[in-house]
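Here's the structure we're looking at; comments come further down.
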Amino acid sequence: MRVCFDGLCFASRRPAVEQETQTVLCGATALDAQQLGRLLKYTNFASPASPRSAASADGGGGPVLTSGPAAKKTASAASTASVSAHGFASSDRTPRVDRSSSSTASSGSTGSSSGGSKCERSATASVSSARDRDRDGTAMMGDHGTAAGATANDTVNNNLDAGTVVNSYKQLAQLQGDQQVQSILQNLFIGDGDALALSPQVQELLKVVQAKDIRIRELEDLLRQKHDEVAELRSHLDKFQSVFRTSGGATGVSPGGRKLGTHGGVQRQRAQGISAEPQSESSVLELMHITFPKYDKDERSREIIKSAILDNDFMKNLEITQIREIVDCMYPVQYAAGSLIIKEGDVGSIVYVMEEGRVEVSREGKYLSTLSGAKVLGELAILYHCQRTATITAATDCKLWAIERQCFQTIMMRTGLIRQAEYSDFLKSVPIFKNLPEDTLCKISDVLEECYYQKGDYIIRQGARGDTFFIISKGQVRVTIRQPDTQEEKFIRTLGKGDFFGEKALQGDDLRTANIICDSPEGVTCLVIDRDTFNQLISNLDEIRNRYNDEGVSARKKIYEEFREVKLSDLRVISTLGVGGFGRVELVQLAQDKGRSFALKQMKKAQIVETRQQQHIMSEKEIMSEANCDFIVKLYKTFKDRKYLYMLMESCLGGELWTILRDRGHFDDGTTRFYTACVVEAFDYLHSRNIIYRDLKPENLLLDVSGYVKLVDFGFAKKLQSGRKTWTFCGTPEYVAPEVILNRGHDISADYWSLGVLMFELLTGTPPFTGADPMRTYNIILKGIDAIEFPRNITRNASALIKKLCRDNPTERLGYQRGGISEIQKHKWFDGFYWEGLRNRSLPPPILPKVQSVVDTANFDDYPADPDGPPPDDLSGWDDDF
């Protein structure tokens, strides 16, 4: 009798006995049929009957072992089986049957019960041939044959293969946890050399193989142990890196967001906010009248500059009019070979375009690449005040063109301002628009699209239905009416720049009453808006804006009275809760009140001045002083001295949502829904007061003792004038909206973009837009949310909401249109969510933090002392009203 597995022959050395079937695997410990059946079961082997089993049913070769009860059948009931060596039935393979054996069986030959055996496919003489045993597909059980022709090499190779299979069985049995099978397998070994009549050399070779096999298992165990240690150390490393302040630029913050590294490609470091110098409303308006010198260039130079800009992933997104003005304002600079053009670590404010020469790029003293031809260099510097991330050296004499950040940003902002002013003037001349408030006109002007028509084109055709309104911004059209019962068109009049047509379509009358035909040789450009977009923007604006009124004024007065007499000297520091760009947040208590604790945010005045963030800090104090919302951390009082500004705030001892996300990896759908809903409530409060937040991320969401999330850190928040935009580049790289990057002006719609990014990060543990450095992150953002692959764990409704929040066009984002933020609350992803329970805090939170006392900081990381020491004094007086 024998058992064959895909060319592996295990020869029996004794006759089989009915009901007590046994086999010896290459001279090793005997296995009875039940034990072998259990072994096969754990390797998921099956035993489908061979197509030729009927032919050999009456053969006399002894019973055939199978993986089930069939193993106990008598010889007359034996059947041939085909089994895959990979642990599954080979039903998709064609069984190979030894023709001589089949022939013998069919003629009624009984054979000998004690005869030898030979594998259907002979092993090769080389020891390494064991690796090739899987190529034949299936192996046969129960074929007849003789031992003649089997060589010592055959035996050696069969033994080696058997050992390999046994090892795989051991691993599978360990995974299954079956102690009986493990015990059986522990006694299996590549067997008795004397019993098999092996030569001493072959026996020595087998011993070497056995020793190596043992060593391999030892090394595998050691590898698993080391892997576990690395995973544990990596978790600790992430934690320590998150609490030690990273090296920052002049803004005192990390120049980038999350770095590539662990946890699915992203190392969980706290993302740092970045900001350019804030622009006041007056300074923005002054830009309309600023002029910059223009520098003469030949046509070749102009084309090279334009080509470099259009070839750059970031700058190619600029409008052609902006590119043309940038080309005009770039001035020439030359660098000799070996000169430093950009130095890593320096604060940059200039972007270059290389026309001639070759440069070398390096980082931390290591060569990265060589650049030549039309290339843009140092483009991050035109977005905000930051350190250079690499060094660029002239490898040859170089001719470059340069532009300063202020000039670049002025061109970007002025383009948008001029367009908005021009469009608003057009709208005011239309009767149905003239009585609308200024902020509504600004919103409508943002959604006007430019459409171009060639001479002779029918813009509107009489009798057709339409829902579009047109304003002519360039060129002229002719108006005609087709006479009844004739195809002739009667000329009515000519319309030019500033004129409009199709206004009735916005009021519901969609039947066109005249023809409008382009009549300018150079074509006509029209500003277009459709009825749905118009209605989405102007409906219920006043209701949305004024829904909250001022119900929080009395509560704020009560807080003011309670803390009016509190002094800075009354506070006792307990421990550090966090560190930020400008200082630290400490847990403190009042000396006379041990029953409560507070968070004291202290900011270095000198650093605020150095980074020109005074306006942002004053705005933060003003907004938080007036805010009274259960989903926003409350500010109780402010202090100042010669070195610091202080903000005494509500303490949220549940810890940062970012810390929980870091430790858990990601949240499920329900948990994400709860925290997103808390943010939606905070945004509802802020946006109803025309306040834009601009720094949403898990790091700025704190859990209170009840497990509810509160918004904190209003350093980038700003109160907008009704219908107006703001232009300052600020936020966290992974969360900023495209219009912020392109300096097109932004408003509360940028917050809805960041809400979609937050949802994605909570569900996956990683923001959707993440690059190796800020510039790469911005380029990924500019490609849009549709270029991002969503993991399977994000449900269809969650994915749909994220994509509606992260629309490239700000006016198309859910929350910004008709109905405002209530459209987010009505989305399918929130179906069944108990909004009223969230507002009255009766809805159980998904995570309830453990807080033992008012001074328990166990939910926060440990932070080192400030390595920089006390900052210098600042007595400039900019903070008089703080």
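The values are calculated or read from the model by the stated rules, or taken from the named source; none is laboratory data. What you see is a predicted model, and the numbers here were worked out from it, not measured in a lab. Methodologically, a virtual Cβ is constructed for each residue, glycine included, from the backbone with ideal geometry; neighbour enumeration extends over all protein chains shown. Please note that ligands, DNA and RNA were not included when accessible areas were found on the heavy atoms of the full protein model with its side chains. Shrake-Rupley method; radii C 1.70, N 1.55, O 1.52, S 1.80 Å.
Quick notes on this structure:
- For region 284-373: rounded, prolate or oblate by the Cα gyration tensor [a/c cutoff 1.5]: prolate
- Here the label points at ASP669 and ASP862, each 7 Å from Cα along the C-beta direction, are separated by 4.1 nm in the simple model.
- Applied to region 298-314, the Karplus parametrisation 6.51 cos²θ - 1.76 cosθ + 1.60 on θ = phi - 60° returns per-residue 3J(HN,Hα) values of 6, 4, 5, 4, 4, 5, 5, 4, 4, 4, 5, 5, 6, 8, 8, 4, 7 Hz, with x for Gly and Pro.
- The label point for ARG482 and the one for SER369, both projected 7 Å from the Cα toward the Cβ, are 5.8 nm apart.
- FRET efficiency, LYS504 to LYS783 (Cβ-Cβ, R0 51 Å, nearest 0.05): 0.80
- Rounded, prolate or oblate (a/c below 1.5 giving rounded, otherwise prolate when a/b exceeds b/c) for region 473-512 by Cα gyration tensor: oblate
- Probe 1.4 Å, accessible area per residue of region 756-871, Å²: 49 Å²
- Shape of region 543-686, Cα gyration tensor, a/c cut at 1.5: rounded
- Shape analysis of region 753-882 yields a ratio of the Cα radius of gyration to the Kirkwood radius, Rg/Rh, of 1.09.
- For LEU653, residues with placed amide H under 5 Å, excluding near neighbours: VAL705
- Label-point separation, ARG465 to ASP873 (7 Å along Cα→Cβ), nm: 7.8 nm
- Among the listed pairs LYS643/LYS718; LYS605/LYS637; LYS226/LYS366; LYS558/LYS725; LYS428/LYS719, those whose Cα-Cα separation exceeds 28 Å are LYS226/LYS366; LYS558/LYS725.
- FRET efficiency, 1/(1 + (r/R0)^6) with R0 56 Å, evaluated for ILE320 and LYS226 via beta carbons: 0.45
- Residues GLU422 and GLU489, FRET efficiency given R0 of 30 Å [Cβ-Cβ distance, rounded to 0.05]: 0.40
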